[in-house]
Amino acid sequence: MPQKADLIVVNASILTMDPDTPRAAAIAIEGGEIIAIADRDTILQLKGPDTRIIDAQGNSVLPGFVEAHMHLFAGAAELDHLQLMGVHGFDALSQAVRSYAAERPNQTILQAQGADYTILSAAERVTRHHLDRILPDRPFVMAAPDHHTMWANTKALEMAGLLHGKKLGPGNEIVMGEDGLAEGELREGEAFGPLLALAGEGRVRLGLATGGEPDPKPTAAEQASDREIMKRGLEWCARHGITSIQNMDGNLHQLELLSEIEAEGGLLCRVQIPFHYKNFMTVDALEKASLMAERYKSEWISSGMVKVFMDGVLDSWTAVMVEPYADRTDWVGEPLFTQEQFNAVATEADRRGLQIAVHAIGDGAVRSVLDGYETAQKANGKRDSRHRIEHIEVTTEADIPRFADLGVLASMQPPHPPGAMGLPLEPTVSRIGKERWPLSYAWRTLKNAGARVVFASDWPVSPIDPIAGIQAAVVRKPWADGDPDQSFSLHEAIAGYTVEGAYAEFMENRKGTLKPGYVADLVILSGDLEAVDPHNLHTIRPVTTICGGKVTYQA
């Protein structure tokens, strides 16, 4: 008696991402796995009395998207904040903030996200005085899209004890005015951390801010509230066709919340949570990373990764460069780790068999991380470590081949280049400087040099939508004539969100492609991705997301 399917999808234009069988019209699922992928008639032979049949109406069906770099807990909390993407000019900002404030009369601190560095104009930088004119009597803060800079009004600065400045660690800054008071611009997490704590989102940000655990331990009500935030994030992911998440901040608290959600039967995506190693820690802290890896290693909830930040971002001059910034010729940025410190962390994490993922945006930070990985490889011997560098917004000719040589994954974000997905070109392109443009966001250059390139959104830094990300990768144009074309083909871009994401977490034999014996993670779309103009890819939406054989989202 042949096996009968729980679920069958028919009338589909399936892109399997499996080179042996690249296309099919139907797929059968049983017990959370794919049991067959073939033509309609063959698959319908697996129909039993209880089989659910979904008609894909001739539209694209892809492997479920693997979101290889995001911040699930913080992103979920921010869904309720004021969204300022696309808002420009003082009047528009004022109107948006006042309307939001009026709807929330009892909120302790009002928070906004997605404020461009040039939200007022290309020439005028935001200060607390601008924000005071909009909202003088209630604390208000707004974050840049990259989440590395915040601006606060005077009321918020006073409440957080930041108005008179504060001593901070390397790479963090409270911008001070000539009057000896804070101007309102806060660069990096240590500078704006006190504001986020006041907003009551301390636990949400812990995985990013300290990598530590909530202290005191959350009450039952707080734990339930955190679970609801996490569930909202998982729903948002499923709605966008995402079936796997590689989170880029973490602690045990997040893993415990996900375990509780799984026990309730509400886990909509597979999630990997790293241990976040900060520069105030010592290498013995990696014992906790090993503990997390040992305790969580299922196909639904896993750890096994160490996340590190080596630098900040270009727009606030906190990314670390080899040569000075084009618009600040005496400054290369300040690394968050010394080379010796990072070498020690990389070597010990690698010795423990843990994967490492490091945020490195400037070419100086990228070089430091590669140096650290090389040091670890010399100390421990070569293995299939798949260590990663996150972002790589600028790199150098000399460092390009080192990715393939060292087996380092290039984890990059199609929504991030200036000019992509509505992002302004300035101030970033002038900060980078024309000479560095050819090796900025150099996806194609890295891929051609043999590096594995994995794509993601970095949500909530950029919109989560993988299809918009695929479009951004396909339609990307150079900033100047003669610069290399860094765009990807449609199939390469889809692979960046499926095949490569699975490879990045050592799961390429279980997911990222649609084939028998693989987990049943797939997304059914509202149209045919291959038939639409590349500039209109974003109009095609997920209509059904299936993870582990269960429908996790239905439009």
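Taking the numbered list (1) aliphatic (A, V, I, L, M); (2) buried (at least 16 other Cβ atoms within 10 Å of the Cβ); (3) within 25 Å of Leu268 (Cβ to Cβ) in turn, Ala24 passes all entries but (3).
The listed residues are Gln57, Gln3, Gln107, Gln45, and the only one of them that is of a type in the set (S, T, N, Q), over 30 Å from Ala197 (Cβ atoms) and modelled with pLDDT under 95 turns out to be Gln3.
Which of the residues spanning segment 404-436 are basic (Lys, Arg) and surrounded by fewer than 17 Cβ atoms within 10 Å (Cβ to Cβ)?
Of segment 404-436, the ones basic (Lys, Arg) are 431, 434, 436.
The one that is basic (Lys, Arg) and surrounded by fewer than 17 Cβ atoms within 10 Å (Cβ to Cβ): Lys434.
Being farther than 30 Å from Val175 by Cβ and within 19 Å of the chain's Cα centre (by Cα) is not true of Ile261.
Condition check for Val9 on (1) in contact (Cβ under 8 Å) with a residue 40 or more places away in the chain; (2) surrounded by 20 or more Cβ atoms within 10 Å (Cβ to Cβ); (3) touching a helix residue (DSSP H, G or I) at 6+ places or on another chain (Cβ under 8 Å): one failure, at (3). Within segment 143-166, the residues that satisfy the criterion of being modelled with pLDDT of 95 or more, surrounded by fewer than 24 Cβ atoms within 10 Å (Cβ to Cβ) and not small (Gly, Ala, Ser) are Thr154, Lys155, Glu158, Met159, Leu162, Leu163, His164, Lys166. Looking across segment 456-513, the residues that are in contact (Cβ under 8 Å) with a residue 60 or more places away in the chain, surrounded by fewer than 22 Cβ atoms within 10 Å (Cβ to Cβ), part of a helix (DSSP H, G or I) and out of contact with any Ser or Thr (no Cβ under 8 Å at 6 or more places or on another chain) come down to Ala468, His491, Tyr503.
Given the structure, is Asp311 buried (at least 21 other Cβ atoms within 10 Å of the Cβ), among the charged types (D, E, K, R), assigned to a loop (DSSP other than H, G, I, E, B) and at pLDDT 95 or above?
yes
Within segment 167-196, track down each residue that is free of Cβ contacts under 8 Å to residues at least 24 places away in the same chain and at positive phi. Result: Gly180, single match. Within segment 207-228, being surrounded by fewer than 22 Cβ atoms within 10 Å (Cβ to Cβ) and in contact (Cβ under 8 Å) with a residue 12 or more places away in the chain holds for Ala209, Thr210, Gly212, Glu213, Pro214, Pro218, Glu222, Gln223, Arg227.
Would you check if Ala398 is over 23 Å from Phe275 (Cα atoms) and either modelled with pLDDT of 95 or more or of a type in the set (S, T, N, Q) (or both)?
Numbers: over 23 Å from Phe275 (Cα atoms): yes; either modelled with pLDDT of 95 or more or of a type in the set (S, T, N, Q) (or both): yes.
Answer is yes for this residue.
Scanning segment 266-288 for residues that are of a type in the set (Gly, Ala, Ser) and crowded, with 17+ Cβ neighbours inside 10 Å yields a total of 1.
The values are calculated or read from the model by the stated rules, or taken from the named source; none is laboratory data. On a predicted model such as this, the values are computed, not experimentally measured, just so you know. Cβ atoms come from the backbone with ideal geometry, glycine included; neighbour counts cover every protein chain shown.
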